[in-house]
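S.K.: Take this structure, written in structure tokens, and hold onto it; I'll ask about it next.
Any read-out appearing in this document is the output of simple, stated calculations on the displayed coordinates, not a laboratory observation. Worth saying up front: this structure is predicted, and the values here are computed from it rather than measured. Every residue, glycine as well, gets a Cβ built from its backbone with ideal geometry; the counts of neighbours run over all protein chains shown.
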């Protein structure tokens, strides 16, 4: 997201009491009983029967159901059969579907790391690194911010324009999960795996500079099953089905953060969120932990329904389906 807001950049001063409460709450989550398949079980109550067999990724030798090509990206791969086939040949087979960190019989806790400014100054990094699986979104940086966000990365989930221009995830087990929003995203992912230049024609469809290299071995790449996005949008957020229009499609696309929550429910038993929550009514909260943009910048985007997503996440926190570590969505540990 580029800065087009003309308001003064905000500074953020952390409340020491809130910081203490966040740390105490996070320790309680880490040290409490882990409930097998806890988050997914509660999400299944919101899903139709078809959602019970959703696979998180597409595999080289896996089946490609007909409904995969019902819609164009990001809800499907309509019209992209050739590009999909080429990319899948570069990906692992389903018999290697176990995750690099997985151990049979263990109850796993995921934390999905949002990029919200609420993380700034919390020094939550060491506790974040204690989660079994750490999912990071787009270009959320580490480096100088590791005190607040940790240094481990299990999954970096992104699309071309959101991916870091310089790879900084040093965890040897880090996976890159590619999310396809357009046909060129598939070509870019293939080029990253093969370590070749991106086709010239595809460069025309990127709205900002994209990486020319991701220094990972082919077996560390995954392609997100578009069904995960479609399930998030249509079944969880209750958006209407995409409709064809004169120009493009009428789509209301979920943020990558809520999509990552749904993915995490397929990979882990319990899911926590950190760095989530945009408070458009409080201009003293920075948009991201790594910059000084005001949250009002979010009002300029039209693709995501932030209010609908916030209501959905608040419901999940209230019902105990997920935990909100930093309190930006629904702070159950804050003083009343």
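S.K.: Within 10 Å of each residue's Cβ, count the other Cβ atoms and sort 149, 198 from fewest upward.
M.R.: 198, 149
S.K.: If you don't mind, another one. Counting pairwise Cα distances across segment 110-190, what percent come out greater than 22 angstrom?
M.R.: 24
S.K.: I've got another one for you. Give the relative contact order (percent, whole number) for segment 138-229; include only Cα pairs under 8 Å separated by 6+ residues.
M.R.: Relative contact order of segment 138-229: 30 percent.
S.K.: Something else now. Averaged across orientations, what area in nm² does the convex hull of the alpha carbons in segment 16-324 project?
M.R.: 15.9
S.K.: State the extension gain, in nm to one decimal, for the chain segment bounded by residue 219 and residue 24, taking 0.36 nm per residue of separation less the distance between their alpha-carbons.
M.R.: Difference between extended and current length: 66.4 nm.
S.K.: For segment 16-324, give the share of DSSP beta bridges that are antiparallel, in percent and rounded to the nearest 5; count only bridges with both residues there.
M.R.: 20
S.K.: A further question follows. To the nearest 10 degrees, how steep is helix 16-31 against the longest Cα principal axis of the chain, on a 0 to 90 scale?
M.R.: 60
S.K.: While we're here: Any idea what log10 I(q)/I(0) is at q = 0.19 Å⁻¹ for segment 27-93, Debye with uniform C-alpha scatterers and no solvent?
M.R.: Evaluating at q = 0.19 Å⁻¹ gives log10 I(q)/I(0) of -0.87.
S.K.: In addition: Percent relative contact order of segment 16-324, based on C-alpha pairs within less than 8 angstrom and at least six residues apart?
M.R.: 25
S.K.: As I understand it, the value is the acute angle between the Cα axis of helix 256-267 and the longest principal axis of the Cα atoms of the chain; what does it come to in degrees, rounded to 10?
M.R.: 80
S.K.: If r is the Cβ-Cβ distance from residue 98 to residue 147 and R0 is 45 Å, what FRET efficiency results, to the nearest 0.05?
M.R.: 0.90
S.K.: Also, quick follow-up: Among 205, 131, which comes first, then next, by fewest other beta-carbon atoms within 10 Å?
M.R.: Result, fewest neighbours first: 205, 131.
S.K.: At 0.36 nm per residue, minus the direct Cα-Cα distance, what do residue 70 and residue 195 gain on full extension? Give it in nm, one decimal, please.
M.R.: Stretched out fully, the residue 70 to residue 195 stretch lengthens by 41.9 nm.
S.K.: Right, another one. Which FRET efficiency, nearest 0.05, do residue 37 and residue 15 yield, Cβ-Cβ r, R0 45 Å?
M.R.: That pair, residue 37 with residue 15, gives E of 0.80.
S.K.: Run lengths n ≥ 4 of DSSP H only: what is the helix-derived mean residue ellipticity at 222 nm for the chain, with -39500 (n - 2.57) per run over all residues, to the nearest 500?
M.R.: The helix contribution divided over the chain gives -7000 deg cm²/dmol.
S.K.: Got a sec? How would 43, 234 order by Cβ neighbour count within 10 Å, fewest to most?
M.R.: In order of increasing Cβ crowding within 10 Å: 234, 43.
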